[in-house]
Each structure stands twice: as structure tokens, then as C-alpha cells.
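Asker: First the structure, which I've put down as C-alpha cells, then a few questions once you've had a look.
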Amino acid sequence: MLKVETIKKGVIAILVLGTVLVLAGWRYGTLQTNGNDSREAEAALRSLLILSDQTPGTLDKLVVKWQGDWIPNHGDPADIVAQIAEQLNIPTASKLVENGHTLYRSVRDREDLKIRLNVMERQAGQWYVVVQLESSDTGREQLIQLHKLCAEQLHSIGVQAQWNTSVQRSLQAKESVDQLMKRTEASLAGAISMQAKERYTDATTVAVSYEAPELPLMVQSGEHQVQMQMAVHENRAQQNKRITLGFPIITIEY
């Protein structure tokens, strides 16, 4: 299963997410039992954002990813994908063929809110759906409402969808990444019970996986559970530092 040693130079191994976690299946804690109750999904996301607000810096990026298997039992998949796009208020999905697989894709790219929809046929009658929502601080509330809508819509068409979220903040700080990590851990420890389980460090990055049973999302990693990952990275090009939180893991570049 996932190990922090797979983190290389500031990029969580997204291929690991795709090939291990998705195929093995997400395992969720008690607050997020099925991933598709809209009120539960909204409450869980809001609780995670309130926690992330305890970390230093300015919110730069908030990403929520919904994904899961889908077997359309009623109706033409193209028509159903069109309905999803309409509900999300994004352009009609384009039909593509990649590596012999049919793919429907739609993107709405605005500065404050980005939405990406990908629906790929894995084999005859079996599809995989991914909806990614991304916003800055100004689009935060709108993203939360779209997150709630995704829970409703994907459940209504039978997608076995689960979600994860990553939050990225930036700040100017004279501290080393290790010192900033310790300060941020101290801030979060005042709000939740957390225990470090896996750690990765290099010259510009410290990344840690935590067991934090109070949090709503969880993935199994070896013999223990992970509910949160945090990375502190020195961005020498922009001369600042970035703090990235992932629930249950980071799935974006930091």
C-alpha cells in the first residue's frame, strides 16, 4: 500500500493513487461511510476545511476529486454524461477514443473555479468516472456546493464514487521547512488527535502521513490507517513556502 517513500521531489506519486488505491478500493471511516450522502459529504468537507484553516498561510488551491466505477443500467451513457455536464454547468462533453477506449471529457476553466469531467469506458458496459473541482479562496463556497451536487448526481446514476480533497496554502517564512512543519503540527494538534506514521524528507521538503481517527476520510496503508498527509515545501523559484494538506492523502503536486 501507499508509503511516503513514494513521494519524490515534491510530487505525490499520482500513479500510485490510480493503480493501487483505486483498484484496491478506498476504505472510509465512520463519518463518510458510503461517500454519496450529500449532506454528509458537505459536512465532512466543511470540517476538513475548518481544520485546514488552522494552518499558516493564504489558501491558494482547494481540490476535490470524485471518482468511481459505473455500470449504466438504464439509458445511453452519452445521454447520461450530457446530463451530468448540464447539472455541473460545464460544456457538453466531447467524445474521444484513446487507446481503444471511449472517453467523454469536459472542462470548464475559470480563474476562481475549474471543473473537469472524465468518463472512460474500461471495457464493454463498464466505465470509470472522475470529477475534479478546483478553486481558489474566492471560489471556496461555490466548490462546496458543487461537491454536494456531485454526491447527489453521481449517486443518482449509480456511480460507486468516493472523494478526497487537498488544500494548498503559501506563505513567506524565514523558518526551515522542518521548523514550519513542527509549528503547523502544533497548530493542528490543538484541534485533533494525530500521530505521525510515515515521513519523507529531502533538502526542500518534509512530508508526513498521520493517523487521525477523528477525521472523516481514511485509507489503509500497510498495517495502519492514514487520515491525513501534510507536506511543507520550499519553493525556491517563488521564494516562498507551501503547506499542502491531503485528506486522506495528497493527490496534487506540491
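Asker: Can you pull out the residues in the stretch 204-238 that are out of contact with any Ser or Thr (no Cβ under 6 Å at 6 or more places or on another chain), among the hydrophobic types (A, V, I, L, M, F, W, C) and in contact (Cβ under 8 Å) with a residue 24 or more places away in the chain?
Answerer: If the condition is that a residue be out of contact with any Ser or Thr (no Cβ under 6 Å at 6 or more places or on another chain), among the hydrophobic types (A, V, I, L, M, F, W, C) and in contact (Cβ under 8 Å) with a residue 24 or more places away in the chain, then V206, A207, V208, L215, L217, M218, V219, M228, M230, V232 are the ones that fit.
Asker: When you go through R242, R169 one by one, which is the residue that is under 26 Å from A151 (Cβ atoms), in contact with a Ser or Thr (Cβ under 7 Å, 6 or more places away or on another chain) and open to solvent by 20 Å² or more (accessible area, probe 1.4 Å)?
Answerer: When all the criteria are applied, what remains is R169.
Asker: For the stretch 187-199, give me each residue that is of a type outside the set (A, V, I, L, M, F, W, C), under 15 Å from G246 (Cα atoms) and touching a residue at least 60 places away in the same chain (Cβ under 8 Å).
Answerer: Answer for the stretch 187-199, where residues must be of a type outside the set (A, V, I, L, M, F, W, C), under 15 Å from G246 (Cα atoms) and touching a residue at least 60 places away in the same chain (Cβ under 8 Å): E198, R199.
Asker: Restricting to the stretch 117-145, give me the number of residues that are in a strand (DSSP E or B) and surrounded by fewer than 13 Cβ atoms within 10 Å (Cβ to Cβ).
Answerer: Within the stretch 117-145, residues that are in a strand (DSSP E or B) and surrounded by fewer than 13 Cβ atoms within 10 Å (Cβ to Cβ) number 3.
Asker: What residue, of V131, V107, V97, is of a type in the set (A, V, I, L, M, F, W, C) and in contact with a helix residue (DSSP H, G or I) (Cβ under 6 Å, 6 or more places away or on another chain)?
Answerer: V131
Asker: Select from the stretch 182-234 the residues that are closer than 17 Å to L49 by Cα and charged (D, E, K, R) and write down the one among them that is surrounded by the fewest Cβ atoms within 10 Å (Cβ to Cβ).
Answerer: For the stretch 182-234, the residue satisfying everything is E214.
Asker: Do we have any residue at all in the stretch 100-116 that's within 17 Å of the chain's Cα centre (by Cα), open to solvent by less than 10 Å² (accessible area, probe 1.4 Å) and touching a residue at least 40 places away in the same chain (Cβ under 8 Å)?
Answerer: No, that holds for no residue.
The values are calculated or read from the model by the stated rules, or taken from the named source; none is laboratory data. Fair warning: this is a prediction, and the values are worked out from it, not measured in the lab. Because the Cβ atoms are built from the backbone with ideal geometry, glycine has one as well, and the counts that use them run over all protein chains shown. The accessibility values were calculated without ligands, DNA or RNA, using every heavy atom of the protein model including side chains. Shrake-Rupley method; radii C 1.70, N 1.55, O 1.52, S 1.80 Å.
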